[in-house]
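Asks: I have a structure I would like to understand better, so I am pasting it below and will then ask my questions one at a time.
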Amino acid sequence: MALRKITALAGMVAASMMTCSWPASAAPVEGAWAIHDLILEIYQCQNFMCGRVAWVKDPHRRKQDCGRTIVWGLSASGPETWSHGSIYDTTDGNTYRLNATLNPDGTLHARIFRGIPLLGKTEILRRVEARSQPGWCSA
């Protein structure tokens, strides 16, 4: 009798997992996000999230960095999480792994790392109004 109940419960859990799986896309993060001295435009690229430089504080870096895609390959791994992405650091020329989480306070936490996430660092991005800074990169 107990085995029958366990089997029935396991079947219900499996069925609910199939019908209540993560959505194909996570919460909307498209738009402009500020991090340090630049603003990223986050956008959908195929089935992933990508990001290109939309504004740089230093006018001397604008010509080189404007429009450059520096985030790619982020795939939805939950309702407000993305993983398996990459980010190119324009200041040191290195590419790092990237996971991201949209927090309830509206900030986007980017976990940037090499190897394992535990040894990386978290950068906090805040949403900003598009074209809100002078010297915005042209489309």
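Asks: Out of all the residues in the range 106-138, which are free of Cβ contacts under 8 Å to residues at least 12 places away in the same chain, hydrophobic (A, V, I, L, M, F, W, C) and touching a Phe, Trp or Tyr at 6+ places or on another chain (Cβ under 8 Å)?
Replies: Hit for the range 106-138 is Leu119, nothing else.
Asks: Another question about this same structure. Check Gly73 against each of (1) on the phi < 0 side of the Ramachandran plot; (2) under 11 Å from the mean Cα position of the chain (by Cα) and name the one condition it does not meet.
Replies: Here Gly73 meets the rest and fails (1).
Asks: For Ile70, state whether it is in contact (Cβ under 8 Å) with a residue 24 or more places away in the chain and within 18 Å of Leu102 (Cα to Cα).
Replies: In short, no.
Asks: Tell me the residue from Leu98, Leu119 that is at pLDDT 95 or above and touching a strand residue (DSSP E or B) at 6+ places or on another chain (Cβ under 7 Å), please.
Replies: Of the residues listed, the single one that is at pLDDT 95 or above and touching a strand residue (DSSP E or B) at 6+ places or on another chain (Cβ under 7 Å) is Leu98.
Asks: Among the residues of the range 128-138, is there at least one that is under 18 Å from the mean Cα position of the chain (by Cα) and either surrounded by 11 or more Cβ atoms within 10 Å (Cβ to Cβ) or farther than 19 Å from Ala34 by Cβ (or both)?
Replies: yes
The values are calculated or read from the model by the stated rules, or taken from the named source; none is laboratory data. On a predicted model such as this, the values are computed, not experimentally measured, just so you know. Glycine gets a Cβ as well: all are built from the backbone with ideal geometry, and neighbour counts include every protein chain shown.
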